1. Since Ser5 meets every condition but one in (1) modelled with pLDDT under 70; (2) in a helix (DSSP H, G or I), which condition does it not meet?
2. Which residue pairs have Cβ atoms closer than 7 Å, lie 6 or more positions apart in sequence or on different chains, and pair a first residue in segment 3-14 that is under 14 Å from Leu31 (Cα atoms) with a second residue that is modelled with pLDDT under 70 and among the charged types (D, E, K, R)?
3. Could you check, for segment 25-40, whether at least one of its residues is at pLDDT below 70, in contact with a strand residue (DSSP E or B) (Cβ under 6 Å, 6 or more places away or on another chain), in a loop (DSSP other than H, G, I, E, B) and surrounded by fewer than 10 Cβ atoms within 10 Å (Cβ to Cβ)?
Amino acid sequence: MPSSSPYISFPGTAAEAFAYYADVFGGDLDLLRDGVLFAVVVPGDGRTS
């Protein structure tokens with residue numbers, strides 16, 4: 001069965017282009033930039049992983 005991935009990457013100014021199209025078409029834009037670390041808070045105990 002074929003599958004697809006919602007993850008794409010572009011060099012250059014893609015973040016600005018996506019922000020423009022999100023403004024034009026509406027909706028929410030969530031970007032995860034390469035090389036940016038983030039923490040996940042575990043509900044209930046305040047720990048991060």
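The values are calculated or read from the model by the stated rules, or taken from the named source; none is laboratory data. None of these values were measured; they are calculated from a predicted model. Ideal geometry is used to build each Cβ from the backbone, glycine not excepted, and the neighbour counts take in all protein chains shown.
1. (2)
2. Ser9/Asp34
3. Here is the first cut: in segment 25-40, the ones at pLDDT below 70 are 34-40.
Now drop any that are not in contact with a strand residue (DSSP E or B) (Cβ under 6 Å, 6 or more places away or on another chain), which leaves 39.
When the remaining residues are screened for being in a loop (DSSP other than H, G, I, E, B), the result is 39.
If we keep only those that are surrounded by fewer than 10 Cβ atoms within 10 Å (Cβ to Cβ) as well, we get 39.
The answer is yes, given that some residue of segment 25-40 is at pLDDT below 70, in contact with a strand residue (DSSP E or B) (Cβ under 6 Å, 6 or more places away or on another chain), in a loop (DSSP other than H, G, I, E, B) and surrounded by fewer than 10 Cβ atoms within 10 Å (Cβ to Cβ).
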